[in-house]
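Let me begin by presenting the structure, written as structure tokens, before commenting on it.
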Amino acid sequence: MATASTPAQGHHRPHRTPPCHLPRPSTRRSSVRITCPHCDERAITRTSRRPLPVFYEVFAQCTNPHCSWSGKLQVEFVTTTNPSRTPRDDINIPVEPASRRALIEQLTPTQS
């Protein structure tokens, strides 16, 4: 007979309401769709590693059995569009120019 399972003690995370000034997270997960460079069919990630905080190596494989390509992708964080509220001193991802202008405008006092 099956019994209802409950989270193990100490493993349950209480629901946290996001601050009112932030948009609610979507219930649908967003992800990057990777397609095979040869046949344009969907490719899946098999594994990944993160040698640096701003760099990933992703190993992917084509799902088309007639193609069967596999290879390595490199993913790098190259610009910031919104600065972190918890920045790390050892991470330096440049702010893109349009975002930089908007931030400077927000920080510049207005003259009355």
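One table, with the values for the structure above:
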{"item": "Net charge contributed by nearby residues that have their C-beta within less than 12 Å of residue 64 (K/R +1, D/E -1)", "result": "-1"}
{"item": "Estimated distance in nm for a label pair at residue 45 and residue 33, the labels positioned 7 Å out from Cα along Cα-to-Cβ", "result": "1.7 nm"}
{"item": "Peptides 79-86, 56-63, 41-48 ordered by average Cβ neighbours within 10 Å, highest first", "result": "56-63, 41-48, 79-86"}
{"item": "Estimated inter-spin distance, residue 77 and residue 99, nm [label 7 Å along Cα→Cβ]", "result": "1.0 nm"}
{"item": "Model label zone, residue 90; criterion: amide N under 20 Å from point 7 Å along Cα-to-beta-carbon; scope segment 46-60", "result": "49-57"}
{"item": "Percent accessible area from carbon and sulfur atoms, segment 40-106, protein chains only, probe 1.4 Å", "result": "48 percent"}
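The values are calculated or read from the model by the stated rules, or taken from the named source; none is laboratory data. The structure presented is a predicted model; accordingly, all values stated were derived computationally and were not measured. Methodologically, a virtual Cβ is constructed for each residue, glycine included, from the backbone with ideal geometry; neighbour enumeration extends over all protein chains shown. For accessibility, only protein heavy atoms count, side chains too; no ligands or nucleic acids. Shrake-Rupley method; radii C 1.70, N 1.55, O 1.52, S 1.80 Å.
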